[in-house]
Each structure stands twice: as structure tokens, then as C-alpha cells.
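First up is the structure itself, then whatever we jot down about it.
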Amino acid sequence: MANDPTSQTWQSGDWSKRPNSEAPYNGIEISGLPEYDENGMLVSVAVTLTDYTLNKEGVASIIPELTVFAGRVDIIAPIAQTSPPSSPPKPSSDFTIKGWVSLEPSGANVCLRINLSYGLEHLRREEIGYVMCFDLTAV
């Protein structure tokens, strides 16, 4: 492969360079890192969705290998750190994102499509559409 893949990042419309001092602290951030095979063809994209609504440090859900063939993939809340370790795992209550993501072909690209909502119940926000595109072949 000629070049290493480059990660892309998208931030929601309510993103702020300086987070609020109380919840909601900030918006959400989505990053995508494409993976290409030895022939330079796009194989998958690692997608990270980070929610800063209830946690200044952010709470991330990761889809390690999103492919075009996967279709719509539900966004799953990450597991919260539990104490004691023998407790059954529970989804993080600081993660407010609900919805799905998909990769869809568009000409010489594959685009990341989102359909999600997030935020405090009384300040719920929606994001729908294409937020980034990746080349089908590595340049």
C-alpha cells in the first residue's frame, strides 16, 4: 500500500472547544479509520463514537470492523466498569447515543452514514446523514 490510511473525525453541531462546566458537557465525536488490504482495496472502517454528554472525558463505543456488507449496525453502549468484578456487566449510564451506522458506496468512495440521537432526555439531539467518506482504493 502506498500510503498509510488516515483517520477522519466528525463532531456534532453542538460541539464546543471549551466544554460546559456541567452536563451536558459537550456533544459527540465520531472517528473512522479505514483498513485496506495488500492490494490497496478498502476492507473495513474502525468507527469510534465518543459521547461527552455526561462525562467530560468521553465514553466511547467502538465498532472495530464496519463493512459495506454489514448493512446497518446498531450502536451499542460500552460496558461500565463494575465493582466488584463478579457483578454482571452493565452498559455505561454515561453513554447516551442510540441509533445505527452504516457504510454505503457512493461513486469512488464509501461513506459513513449515521442515524442517531444523543444527549440529555430533555435536550435530545438527532444527527442523520453522511458524515465522512473513504476512498475505495488507497492512493
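A few points about this structure:
- Residues that are under 10 Å from the mean Cα position of the chain (by Cα) and open to solvent by less than 90 Å² (accessible area, probe 1.4 Å) do occur in the stretch 50-58.
- Only residues that are among the hydroxyl-bearing types (Ser, Thr, Tyr), at pLDDT below 95 and farther than 24 Å from Leu42 by Cα were counted across the stretch 98-139, and they come to 0.
- Leu103 meets all of the listed conditions (1) touching a helix residue (DSSP H, G or I) at 6+ places or on another chain (Cβ under 8 Å); (2) open to solvent by 30 Å² or more (accessible area, probe 1.4 Å) but one, namely (2).
- Against the conditions (1) surrounded by 14 or more Cβ atoms within 10 Å (Cβ to Cβ); (2) touching a Ser or Thr at 6+ places or on another chain (Cβ under 9 Å); (3) in contact (Cβ under 8 Å) with a residue 24 or more places away in the chain, Gly71 satisfies every one except (1).
- For the stretch 44-94, a tally of residues being closer than 20 Å to Asn26 by Cα and of a type in the set (Ser, Thr, Tyr) returns 7.
- Residues in the stretch 81-100 that are within 23 Å of His122 (Cβ to Cβ) and either surrounded by 12 or more Cβ atoms within 10 Å (Cβ to Cβ) or not polar (S, T, N, Q) (or both): Pro91, Ser92, Asp94, Phe95, Thr96, Ile97, Lys98, Gly99.
- With respect to the conditions (1) within 15 Å of the chain's Cα centre (by Cα); (2) more than 22 Å from Gly58 (Cα to Cα); (3) in contact (Cβ under 8 Å) with a residue 40 or more places away in the chain, Met132 falls short on a single one, namely (2).
- Restricting attention to the stretch 1-41, the residues being surrounded by fewer than 12 Cβ atoms within 10 Å (Cβ to Cβ) and on the phi > 0 side of the Ramachandran plot number 0.
- Each residue in the stretch 114-127 was checked for being surrounded by 17 or more Cβ atoms within 10 Å (Cβ to Cβ) and either in contact with a helix residue (DSSP H, G or I) (Cβ under 6 Å, 6 or more places away or on another chain) or not β-branched (Val, Ile, Thr) (or both), and 5 pass.
The values are calculated or read from the model by the stated rules, or taken from the named source; none is laboratory data. All figures in this text were calculated on a predicted structure; none of them were measured in a lab. Here the Cβ is made from the backbone with ideal geometry for all residues, glycine too, and neighbour counts use every protein chain on show. The accessibility values were calculated without ligands, DNA or RNA, using every heavy atom of the protein model including side chains. Shrake-Rupley method; radii C 1.70, N 1.55, O 1.52, S 1.80 Å.
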